[in-house]
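The values are calculated or read from the model by the stated rules, or taken from the named source; none is laboratory data. No experiment lies behind these values; they were computed from the predicted model shown. Reconstructed Cβ throughout: ideal geometry from the backbone, glycine too, with neighbour counts over all protein chains shown.
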Amino acid sequence: MTTRHTFWTSHRAAAALPAGVLSRDRLAVLAGLVVPLALAVVLAPFRASFPDTDAALALLLTVVAVAANGNRLAGVLASASATVWFDFFLTRPYERFAIAGRTDIETTILLLVIGVAITEIAVWGRRQHAAASRRAGYLDGISAAARAVATGDSPAALIEQVSAQLTDLLSLSSCRFQYGVAGIGRPARLQRDGRVTAGSRPRGFTLEGLPYGTDTELLVETGGLLQGRFLMTPAPDAHSTAEQRLIAIGFADQVGAALASSQSAHDPR
């Protein structure tokens, strides 16, 4: 149970987050609208005592804070809000949506452009972090399966563990293992390069994900010797990436190694 728990905790973290993330994103959107306004109001009484560019930099910090903690919408709104209130409170003529000086016009445009750029960089950074977290979860799952093989856990226990990991990884509605068979029923097949070929479709037909409405088999082989297959049924909203499908093949290889090891141990020769 410990090995299963590691992978499920890592990979299912995203499933536990949506409500919290949604609340955080809503707060970030609100902050994107309000925080630049609040800062501009605070700076307004002192606007004659510092350059407009300093005020723009201060407002840009609010954009950075919002973009780092919210989504793209929040960052863009913060950029727009900072630009609007910079114009209204901190450039001449004051408290009017008009700009008299060329330098102020350039600063305002730069404030908007840089704010949006910062937002895009923050979004990219969060995506990279999320991808790294997912990969760590996948590696934990493969490591857990490898440890089960190395410590001599029973193949049946490993098959149960891997079935659960495949269900979670590929968003399956069911996953079952069948010993010593392949191709029965002409299901789609997950190939070793991550492509999916459908047995009942025209020759060469490929899919980017598991086809809904039909089973997909994942062969378990060792040294070219067939051990069996995982027969997988995707959920209606299932979507898998090439990386996830290659990870699934790694899980199947661990099961193949365990079955081959078990057969060798029981071989009287």
Has segment 138-149 got at least one residue that is more than 30 Å from Ala55 (Cα to Cα), in the same structural domain as Ala258 (by TED's automatic domain parsing), in contact with a His (Cβ under 8 Å, 6 or more places away or on another chain) and in a helix (DSSP H, G or I)?
no
If you go through segment 141-154 one residue at a time, do you hit one that is modelled with pLDDT under 90, over 28 Å from Pro236 (Cα atoms) and basic (Lys, Arg)?
yes
Checking the condition in a helix (DSSP H, G or I) and at pLDDT 90 or above, which residue from Gln244, Gln263, Gln227 passes?
Gln244
I'm trying to understand the selection: among the residues of segment 101-121, which are in a helix (DSSP H, G or I), over 16 Å from Ala80 (Cβ atoms) and not acidic (Asp, Glu)?
Arg102, Thr103, Ile105, Ile121
Over segment 88-113, the set of residues hydroxyl-bearing (Ser, Thr, Tyr) and either buried (at least 17 other Cβ atoms within 10 Å of the Cβ) or farther than 15 Å from Thr53 by Cα (or both) is Thr91, Tyr94, Thr107, Thr108
For residues that are loosely packed, with under 15 Cβ neighbours inside 10 Å and of a type in the set (D, E, K, R), scanning just segment 230-257, find the one that is farthest from the chain's Cα centre (by Cα).
Asp237
Among the residues of segment 135-144, are any under 23 Å from the mean Cα position of the chain (by Cα), surrounded by 14 or more Cβ atoms within 10 Å (Cβ to Cβ), closer than 30 Å to Pro45 by Cβ and of a type in the set (Ser, Thr, Tyr)?
no
Suppose we filter Ala164, Ala182 for residues that are small (Gly, Ala, Ser), in contact (Cβ under 8 Å) with a residue 24 or more places away in the chain, in a loop (DSSP other than H, G, I, E, B) and in the same structural domain as Ile247 (by TED's automatic domain parsing); which single one remains?
Ala182
